[in-house]
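The values are calculated or read from the model by the stated rules, or taken from the named source; none is laboratory data. Quick caveat, the model's predicted, so the values are computed rather than measured. All Cβ positions, glycine included, derive from the backbone under ideal geometry; neighbour counts span all protein chains shown.
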Amino acid sequence: MNIKFYIFFILLIPTLLAQQANLQNKFMLAQSYEQMGELERATEVYEEVYKTQPENYQFFFALNRIYIQIKEYDKSIQITEARLKSQPNDYNLVGMLGVTLYLKGEEKKTYELWDKLLEQAGGNQNVYRILSNYAIELRTFDKAIEILVKGKNASPNKTIYSYDLANLYSLRMQYAEAINEYCLLIDTDPNQIKQIEGRIYPLLARPEALPIIIETLEKKNPHINTNYAPLLINAYLENLSFEKALNLNFELDRKLNKNGTEVFSLAQRLYSLKEYSFASTAFEYLLNNYPSSAYVSQIKLGFAKTFEASLEEKIQSSLALWKPYNMPKVLLKADYEKSIDAYKEIIKSYPNSEVAVEAYYRIGVIYEKRLLQIDKAKESYNFIAQNYKMSNLYSISCEAISRIALLQNEMDIAKEYLDVILAFPRSQPVEKNLAKFRKAELLYFSGDFEESRSLVNEVVSFFKDNIANDALELSILLNTSINDSLLLTRFAVAELFIFKKKFSDAIVILEEIETNEQAIFLSNYASITKMECEIALDNFPTALKIGEKIVSKENLNLFGDKALFLSAQIYQFGIGSDKNAIELYEQLLAKYPNSLYLDKAREEINHLRKKVS
Amino acid sequence: MNNRIFLFLLFVSFLTIQLVAQDKILIPMDLRQTDHLKAYGITFHALENGLKADWLLNYRGGSFMIDYSNQVLSECRIEGVFFQELSASQSADIYSFVQSEDQNMELMRLEKAPKVAVFVPPGFQPWDDAVTLALEYSKIPYEKVFNEEILRGDLEKYDWLHLHHEDFTGQYGKFYASFSNAQWYIDQQIRYENEAKKLGFKKVSEMMRAVSLTIKKFIGQGGFMFAMCSATDSYDIALAAHQVDICDRMYDGDSPDPQAQSKLDYTNTLAFDKFNLENNPFVYEYSDIDIQPTEILNQENDYFTLFEFSAKYDPVPTMLTQNHANVIRGFMGQTTMFRKELIKSSVIIMGERQGINQVKYIHGNFGRGTFTFYGGHDPEDYQHAVGDPPTELTLYKNSPGYRLILNNVLFPAAKKKKQKT
């Protein structure tokens, strides 16, 4: 008996194995059909293998998938229900059945089925996750949220689904709820703040989300629960509510005993955003509260620079930048002196440091450009040039000394400092190029036109540099007028007067040149430059008359378009008559259709018309 | 006797004044024109202001002749559009030249500025729209409409509708493979789904189908529709699939109809026939209508040629092909060009790559209206990728590719003439 049984068993095993191999082959064949898009044939073979082994999960899953693909929802429901009978605790099957019912259009039944399972789920987080994933697959995000909220309520861990819920709320544009979930996570583990900041950041860029996020975070009282404060500060910055950001930042820094590091980082951020007054407040706060901070030298410099930048902002409207040349004026004298004092304080506290060098340089700039005390400016620049050769500000200081020397008629010194820049190995290419152009100007003022021309040509070839445009202008002047060197020398003298802001002296020479009608270019150039000088002196009626004369010239009128443009600008900015300005801009368009000023004139017409309307 | 002489002299001087006085403004559209694109805006505004304007088809690149007005002159100067002031006799000469039988030219009177609508979704999109850019640049006013406005019947208010880069099949541009994780894609899908739900549709594809059919009705009732890029083929595919689900699970939650291809109704399309769907949801293509980059080969050789039509007998395609160049540089898009063999025989081919089956620019009639399809995304950016900055049209004032777009905008302004027999 035993022997017979063993023989039977031994023979049966290969048969069973062969049958299984056959089924696997058929299954693979069905998969091939499916991949080829022959869904009907794939279904037939899947059905065949499924009938042979209905308990095989792989066969069941493939058949269910293809039923859904060919929209045979009833058949899918039938096999899923059959499988559920034998495996009633398989949550995944309930999820799948719900999906098929939903696709069939029986949404209510889906939710009833899932809700029934959820009632029995207790704290089993797998059930909530599986069902919410199926809901997400169906893109029924509200249901997915509902499932996870039920899971949250059933679980002692209230943050177990917080990341998923926050994501879903963001998708549904329920930003307040999303923020609440993120705050819950921060409550549990404040170290997650960076990760959460990263998740909230894209939401801040949505205009509709920003006010809701701010409101939600404000309600959470971040003054007490400081963990939320960094999120709210970011939201305030995005909303350009700098004052609120700053106040909360001070509070945060104080409460967390950060010794000013939080405020310092925000101050730098505000400075880079060009919010100088707020940056200044932040630096001032640091100086008052953390005078012995490790960053105090940088704080002091930052404070002084933001204060200076805020003064620059204030004087912008008084600078009349529309004018080709400006008569320098001293504005906000007391404030700029205060700014100098702040820099001097830095130099005193931190001598021989890079911070001190920058302070010296800033003092030089203020004395030169704003207080018009060029001797004092020169002193500051000189100090850098003599003592801080390795500083990044060395070359630029030498260039400033050269500029001042030229103003003081010290041509040799001016040239010497430019040569220093050109020979200095640490000078940047841009700095060298500027020095080259300045030297070309210097040579031009001195009447050495050939040498000047050769240097200008070198600068022009460096076309990526901004200075190339100025060089080009000088190059045109030299190339067209070099043969009449006597007159060009006179013109150079006039230009040197303009450089020194001695416009009246320049006008006398320019008048002399413009009468020489043999020198067509220089005569025309002198007229338009004279007009520019009159504008600098605020002699608008005279400037307009010169402009009219230039425009009315019948022959060889080289700068008619520029004269019309400047006249229009006088009306627009100097006299304040927009109507006349529009008229002149329109005349420019009509008379000079190829002018370089066309685009600017069109822009101004459009701007003025909008203003008028 | 003296009185007679006096009256005669008065008459002669009056006549002379009439002939010499400025009567018309000619805006030439040939190579002398400084800003071709803004010239359309000038003509459009002249019509808005009640001035008479004529489109001189095939005369100096399709020039415009507008009633003399200081305002128009001033606008031309401000916008940098080249123009010529003509006396009555000069303009009469041009009119007679254009209308003479031995010239392939015609005069098309423009009657009123059409009301323009652009089909554009609200919110941010990581690509721009060549038509909107052209309209903005040429300062032609337009309004934005989207699904809700179309479905509530707002198209009645407009003469001209533009569709650009929209996917009317409900597959979100088939960007799934490359951008399904991108925030803009996720947001876009959610927005569409919310809108579909709000408008009472279970699926986005169903909403887009309803929108497509409404637009078709608009055309049938006399509207002008101009589509570019993927709005061309996706629109026609949506019409063909009006009774069948062609969207895969990631787009509408369920599988497409396995018999979708055979259930397409080509009789319902405007331009294309017997095309095959691209069923793979991961492939960035809707069907075989579009020409693939591998078929275009070298970018340097990608040019298309405009057909020349008889201005007197075929004024419509003549208007739509007015240009100062008849060989135009190609440009790619999600839908770049159309496969010639899939274009219905009733459709007029206006621009194609010569000698091959690649068609760029087509036009056809449906009901009382017309449609024009123009393949490619941006005529001055050969390969405009998602996220690329918009083209700065101040650098392409004379773009022949953009001119074709603006021809379509002005075309509905033309007075309908009885067809010559």
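Can you work out which of the residues in segment B:39-55 that are crowded, with 23+ Cβ neighbours inside 10 Å and within 19 Å of the chain's Cα centre (by Cα) is farthest from the other protein chains (Cβ to nearest Cβ)? It would help to see each step written out before you state the result.
Going through segment B:39-55, the residues crowded, with 23+ Cβ neighbours inside 10 Å turn out to be B:39-44, B:46, B:53-55.
With within 19 Å of the chain's Cα centre (by Cα) added as a condition, the list becomes B:39-44, B:55.
Working: B:39: 15, B:40: 17, B:41: 13, B:42: 13, B:43: 19, B:44: 17, B:55: 24 Å.
Restricting to residues being crowded, with 23+ Cβ neighbours inside 10 Å and within 19 Å of the chain's Cα centre (by Cα), the top hit is B:55.
For segment A:67-82, the condition of being farther than 20 Å from residue B:257 by Cα, touching a residue at least 24 places away in the same chain (Cβ under 8 Å) and of a type in the set (D, E, K, R) holds for none of the residues. Within segment A:68-96, the set of residues being more than 51 Å from the chain's Cα centre (by Cα) and within 12 Å of chain B (Cβ to nearest Cβ) comprises A:72, A:73, A:76. Of the residues making up segment A:145-184, those that are within 14 Å of chain B (Cβ to nearest Cβ) and either under 18 Å from residue A:215 (Cβ atoms) or modelled with pLDDT of 95 or more (or both) are A:145, A:169, A:170, A:172, A:173, A:174, A:175, A:178. For residue A:128, the test of being modelled with pLDDT of 90 or more, within 21 Å of residue A:92 (Cα to Cα), away from every other protein chain (no Cβ under 14 Å) and in contact with an Asp or Glu (Cβ under 9 Å, 6 or more places away or on another chain) is failed.
The set of residues in segment A:202-257 being within 14 Å of chain B (Cβ to nearest Cβ), part of a loop (DSSP other than H, G, I, E, B) and in contact with a helix residue (DSSP H, G or I) (Cβ under 7 Å, 6 or more places away or on another chain) consists of A:209 alone. Just one of the listed residues (B:273, B:233) is under 27 Å from residue B:218 (Cα atoms) and surrounded by fewer than 23 Cβ atoms within 10 Å (Cβ to Cβ), namely B:273. Would you call residue A:99 surrounded by 15 or more Cβ atoms within 10 Å (Cβ to Cβ) and more than 14 Å from chain B (Cβ to nearest Cβ)? No; evaluated as a whole, the condition is false for this residue.
If you go through segment A:246-300 and pick out every residue that is surrounded by fewer than 19 Cβ atoms within 10 Å (Cβ to Cβ), more than 17 Å from residue A:339 (Cα to Cα) and under 23 Å from the mean Cα position of the chain (by Cα), you end up with 6.
Residue A:54: under 20 Å from residue A:40 (Cα atoms) and not in a helix (DSSP H, G or I), yes or no? Talk me through it step by step, then tell me what you get.
Working: under 20 Å from residue A:40 (Cα atoms): yes; not in a helix (DSSP H, G or I): yes.
Criteria met by residue A:54.
Residues considered: A:563, A:568. Of these, the only one that is touching a Gly at 6+ places or on another chain (Cβ under 7 Å), more than 10 Å from chain B (Cβ to nearest Cβ) and not β-branched (Val, Ile, Thr) is A:563. Scan segment B:306-358 for residues that are over 17 Å from the mean Cα position of the chain (by Cα), crowded, with 20+ Cβ neighbours inside 10 Å and more than 21 Å from residue B:285 (Cβ to Cβ) and the total you get is 2. When segment B:29-59 is filtered for residues that are closer than 24 Å to residue A:594 by Cβ and basic (Lys, Arg), the ones remaining, listed by number, are B:32, B:38. The residues on offer are B:137, B:142, B:176, and the sole one that is under 26 Å from residue B:379 (Cβ atoms), in contact (Cβ under 8 Å) with a residue 12 or more places away in the chain and within 14 Å of chain A (Cβ to nearest Cβ) is B:137. Applying a threshold of 6 Å to beta carbon distances and a minimum spacing of six or more residues, or different chains, the list of pairs starting in segment A:127-154 at a residue that is charged (D, E, K, R) and ending at one that is buried (at least 18 other Cβ atoms within 10 Å of the Cβ) reads A:139/B:253; A:143/A:135; A:150/A:118; A:152/A:161.
Can we say residue A:262 is in contact with a Phe, Trp or Tyr (Cβ under 7 Å, 6 or more places away or on another chain) and either among the aliphatic types (A, V, I, L, M) or farther than 25 Å from residue A:163 by Cβ (or both)? Step through it out loud before you land on a result.
Working: in contact with a Phe, Trp or Tyr (Cβ under 7 Å, 6 or more places away or on another chain): no; either among the aliphatic types (A, V, I, L, M) or farther than 25 Å from residue A:163 by Cβ (or both): yes.
No; evaluated as a whole, the condition is false for this residue.
Can you give me the ranges of the strands (runs of 3 or more DSSP E) entirely in segment B:317-400 with at least 1 residues that are under 30 Å from residue B:184 (Cα atoms)?
Details: elements: B:327-329, B:348-352, B:358-366, B:369-374.
Passing ranges, in order: B:358-366, B:369-374.
All conditions in (1) away from chain A (no Cβ under 13 Å); (2) closer than 18 Å to residue B:276 by Cα hold for residue B:248, with the sole exception of (1).
Residue by residue, here is whether (1) touching a Leu at 6+ places or on another chain (Cβ under 8 Å); (2) surrounded by fewer than 21 Cβ atoms within 10 Å (Cβ to Cβ); (3) of a type in the set (Ser, Thr, Tyr) holds:
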site	(1), (2), (3)
A:505	no, yes, no
A:511	no, yes, no
A:515	no, yes, yes
A:523	no, yes, yes
A:526	yes, no, no
A:533	yes, no, no
A:540	no, yes, no
A:558	no, yes, no
A:561	yes, no, no
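Taken over segment A:419-452, the residue count meeting the criterion of being outside any loop (DSSP other than H, G, I, E, B) and within 26 Å of residue A:481 (Cα to Cα) is 17. Close Cβ contacts (under 8 Å, 6 or more residues apart or on different chains) running from residues in segment B:74-86 that are under 18 Å from residue B:61 (Cα atoms) and more than 10 Å from chain A (Cβ to nearest Cβ) to residues that are of a type in the set (Val, Ile, Thr) and assigned to a loop (DSSP other than H, G, I, E, B) comprise B:81/B:34. Annotation: residue B:255 fulfils all but one of (1) more than 10 Å from chain A (Cβ to nearest Cβ); (2) part of a loop (DSSP other than H, G, I, E, B); (3) hydroxyl-bearing (Ser, Thr, Tyr); the unmet one is (1). Of note, residue A:594 satisfies the criterion of being part of a loop (DSSP other than H, G, I, E, B), within 14 Å of chain B (Cβ to nearest Cβ) and within 37 Å of the chain's Cα centre (by Cα). Among the residues of segment A:311-334, the ones that are of a type in the set (Gly, Ala, Ser) and over 31 Å from the mean Cα position of the chain (by Cα) come to 1 in all. Only a single item in (1) assigned by TED's automatic domain parsing to the domain that holds residue B:211; (2) over 17 Å from residue B:397 (Cα atoms); (3) touching a strand residue (DSSP E or B) at 6+ places or on another chain (Cβ under 9 Å); (4) surrounded by fewer than 22 Cβ atoms within 10 Å (Cβ to Cβ) is not met by residue B:148, and it is number (3).
Let's see how each residue does on (1) farther than 29 Å from residue B:397 by Cα; (2) touching a Ser or Thr at 6+ places or on another chain (Cβ under 8 Å); (3) crowded, with 17+ Cβ neighbours inside 10 Å:
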{"site": "B:257", "(1), (2), (3)": "yes, no, yes"}
{"site": "B:285", "(1), (2), (3)": "yes, no, no"}
{"site": "B:289", "(1), (2), (3)": "yes, yes, yes"}
{"site": "B:293", "(1), (2), (3)": "no, yes, no"}
{"site": "B:301", "(1), (2), (3)": "no, no, no"}
{"site": "B:304", "(1), (2), (3)": "no, no, yes"}
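In a residue-by-residue description of segment B:106-122, the property of being surrounded by 20 or more Cβ atoms within 10 Å (Cβ to Cβ), assigned to a loop (DSSP other than H, G, I, E, B) and within 14 Å of chain A (Cβ to nearest Cβ) applies to no position. Of the residues B:402, B:382, B:361, the single one that is modelled with pLDDT of 95 or more and touching a Gly at 6+ places or on another chain (Cβ under 9 Å) is B:361.
Residues of segment A:119-137 that are assigned to a helix (DSSP H, G or I), farther than 27 Å from residue B:186 by Cβ and not polar (S, T, N, Q): A:119, A:121.
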